[in-house]
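The values are calculated or read from the model by the stated rules, or taken from the named source; none is laboratory data. Nothing here was measured: the structure is a model prediction, and the numbers come from that model. No Cβ is skipped: glycine too gets one built from the backbone with ideal geometry, and neighbour counts run over all protein chains shown. Calculation scope for accessible area: heavy atoms of the full protein, side chains included, ligands and nucleic acids excluded. Shrake-Rupley method; radii C 1.70, N 1.55, O 1.52, S 1.80 Å.
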Amino acid sequence: MTKHTHATPAADEQRDFIFAPAGGESVTVTATYQKTWRGDLDPCIGVDQVCAILDAWTLADRGRRRSLWATTERSDDDVFIAYTRNGQITLGSWSVATDKDTYSLEALPGLLARDHYSLTEAPQEQP
């Protein structure tokens, strides 16, 4: 998923990640490492940063990509993502990963085709 360039993170540590959609403008999000429902320590982001990533991804190819917030028919905690790839529609949902209603960046490879974006850890500033 992400290319980590620094030491193993600790719980509640914050790091910046750069999301670069293919053919679009990059956005930087700040993730906080949190324990997920799976028990893993993942870089997690809030709703506003999810929107920033999905807006950048959609704008890079508006005709074939879109994201929708969930309807009450399924779950209020998921973001639904749809895009066309090789003539087929792909639909996925990005579910909250923690009890703090945050979303794991580790889930992106299962939601978006890897050739549609890159996600890398931003270089840390040296004191």
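Brief remarks on what is shown
- Dipole magnitude of the chain, debye to nearest 20 (Cβ charges: Lys/Arg +1, Asp/Glu -1, about Cα centre): 560 debye
- Each residue of segment 41-53 was assigned a 3J(HN,Hα) from its phi angle through the Karplus expression (A = 6.51, B = -1.76, C = 1.60, θ = phi - 60°), giving 9, 10, x, 10, 10, x, 4, 4, 6, 4, 4, 4, 5 Hz with x at Gly and Pro.
- Accessible carbon and sulfur surface of the chain relative to its total accessible area, %, 1.4 Å: 47 percent
- Which of Leu112, Leu91 is most accessible, then next, and so on - probe 1.4 Å: Leu91, Leu112
- Difference of contour (0.36 nm per residue) and Cα-Cα distance, Ala82 to Gln14: 21.6 nm
- For the set Ile45, Ile89, solvent exposure ranked by accessible area (probe 1.4 Å, protein chains only) runs largest to smallest as Ile89, Ile45.
- Using 0.36 nm per residue and subtracting the Cα-Cα separation, the extra length available between Ser95 and Arg38 on full extension is 19.3 nm.
- Counting heavy atoms of the protein chains alone, Arg64 has an accessible area of about 100 Å² for a 1.4 Å probe.
- For the chain, alpha-carbon Rg and Dmax in angstrom: 14.6, 50
- With DNA, RNA and ligands ignored, accessible area of Glu121 (1.4 Å probe; Å², nearest 10): 10 Å²
- Computed with a 1.4 Å probe over protein heavy atoms only, the accessible surface of the chain comes to 58 Å² per residue.
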